[in-house]
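Undergrad: Structure provided below as structure tokens; questions to follow.
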Amino acid sequence: MSAMIELKNVSFTYPEAKQPALQDLSLTVNKGDWVAIIGHNGSGKSTLAKLLNYLLTPQTGSIFIDGVESTAENMWTIRDLVGMVFQNPDNQFVGATVEDDVAFGMENRGIARAEMLVRVKAALEQVHMDAFAAREPARLSGGQKQRVAIASVLAIEPKVLILDEATSMLDPHGRTEMIEVVRELKKELGAELTVLSITHDIQEAASADQVIVLNDGVLEETGTPAEIFKDATTLRAFGLAVPFAEELKAKLAERGVDVPKAYQTTEGMVDWLWQSISTK
């Protein structure tokens, strides 16, 4: 598949910082992939997100989004290509109603009203929030607010959706809902939408096609969730949580239970446990 995102030897250091937030980072994300970026606090995850949307600019190296180089003259093209949903959705709300908020980005881009109405409706339907179109955003739950924030981005029709710790302020139910919405979007849009999850949430990362581990601004590992999460010792060394299913396997193994050797998702462990109980 062709590349949607390319970073070549990118470095960035904040003013007065003692070490770079990112150093000599090179990576490629293919069109239509869902990639999770994980790492401890200060590993460079959010810096990477801001560089991809031209909120920051690299001090060395180059960035390409869908073949367009991220430069000052291409700034608005890059921001049309890359949409971001942040940790706190309240910081993104500007409209009096949900539908007003979803329309805001299109108004700034001069999109005709008839087209805006079609896109607002479609975007809210995609995140299952069309029944809330006339509601005030402040009266929504945290998970509902984040779905509206996603709809606001989808209405602009970006090619890349970045979720920058977008599930971190949600309760477990809200996080599960958000992950399911992203799964549905990927199923519906396929190669038309590339997703980057900047996250601490291991369950969110486990849903991705690929996982990238950043550590102190350096690319440490990249692979499928199964490849990355099978090594609990390495995850802990990077200051990361171990997936619940892997923790459960370790506890069962300590009790002498013959557990699956391959990496298991939570759903996979539930199925395995159910089958194990059923055969006894």
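Undergrad: Test of understanding: in a Gaussian network model of the chain with alpha carbons linked when under 10 Å, which of Ile212, Ile228, Ile111 would top the mean-square fluctuation ranking?
TA: Looking only at Ile212, Ile228, Ile111, the largest GNM fluctuation is found for Ile111.
Undergrad: Amide H to amide H under 5 Å from Val211: which residues, 5+ apart in sequence or cross-chain, H placed 1.01 Å off N in plane?
TA: Ala36, Gly223, Thr224
Undergrad: With r as the distance between the Cβ atoms of Thr266 and Asn74 and R0 = 41 Å, compute the FRET efficiency 1/(1 + (r/R0)^6) and round to 0.05.
TA: 0.50
Undergrad: Percent of alpha carbon pairs in the stretch 1-67 separated by more than 13 Å?
TA: Of all Cα-Cα distances in the stretch 1-67, 64 percent exceed 13 Å.
Undergrad: Please state the shape class of the stretch 133-230: rounded when a/c is under 1.5, otherwise prolate if a/b exceeds b/c and oblate if not, all from the C-alpha gyration tensor.
TA: The shape class here is prolate.
Undergrad: A further question on this structure: Relative to the longest principal axis of the C-alpha atoms of the chain, give the angle of the C-alpha long axis of helix 113-126, reported between 0 and 90° and rounded to the nearest 10°.
TA: So the inclination is approximately 10 degrees.
Undergrad: Please give every one of the lysines within straight-line cross-link reach of Lys31, meaning a C-alpha to C-alpha distance under 25 Å, and leave out same-chain neighbours fewer than 8 residues apart.
TA: Qualifying lysines at Cα under 25 Å: Lys8, Lys45, Lys50, Lys159, Lys186, Lys187.
Undergrad: By how many degrees, 0 to 90 and rounded to 10, does the Cα axis of helix 244-254 deviate from the longest principal axis of the chain?
TA: Orientation of helix 244-254: about 10 degrees from the principal axis.
Undergrad: Continuing with the same structure: From the backbone phi of the stretch 191-207, what are the Karplus-calculated ³J(HN,Hα) couplings (6.51 cos²θ - 1.76 cosθ + 1.60, θ = phi - 60°) in whole Hz, Gly and Pro given as x?
TA: 5, 6, 10, 9, 10, 10, 9, 8, 8, 9, 7, 5, 5, 5, 5, 5, 7
Undergrad: Cut-off 10 angstrom, C-alpha nodes, Gaussian network model of the chain. Which of Met269, Met129, Met84 fluctuates the most?
TA: Met269
Undergrad: When each pair of different Cα atoms in the stretch 94-143 is counted once in the 1/r mean, what is the Kirkwood radius in angstroms, to one decimal?
TA: One decimal place: 11.1 Å for the Kirkwood radius.
Undergrad: Which shape class, rounded, prolate or oblate, goes with the stretch 44-87 when its Cα gyration tensor gives a ≥ b ≥ c as root eigenvalues, a/c under 1.5 marks rounded, and past that a/b bigger than b/c marks prolate?
TA: Verdict is oblate for the stretch 44-87.
Undergrad: Tell me, what is the percent relative contact order of the chain, built from C-alpha pairs under 8 Å that lie six or more residues apart? Don't jump to the answer; show the numbers that get you there.
TA: On the way: 494 pairs, mean separation 63.6, N = 280.
In percent, rounded to a whole number, it is 23.
Undergrad: OK, next. What shape does the stretch 56-185 have by the C-alpha gyration tensor, where a ≥ b ≥ c are the square roots of the eigenvalues, rounded means a/c under 1.5, and otherwise prolate means a/b greater than b/c and oblate the rest?
TA: oblate
Computed from the coordinates by the stated procedures, all read-outs in this text should not be read as laboratory data. Note that the coordinates shown come from a computational prediction; the quantities given were computed from them, not determined experimentally. Here Cβ is always computed from backbone atoms with ideal geometry, including for glycine, and neighbour counts include all displayed protein chains.
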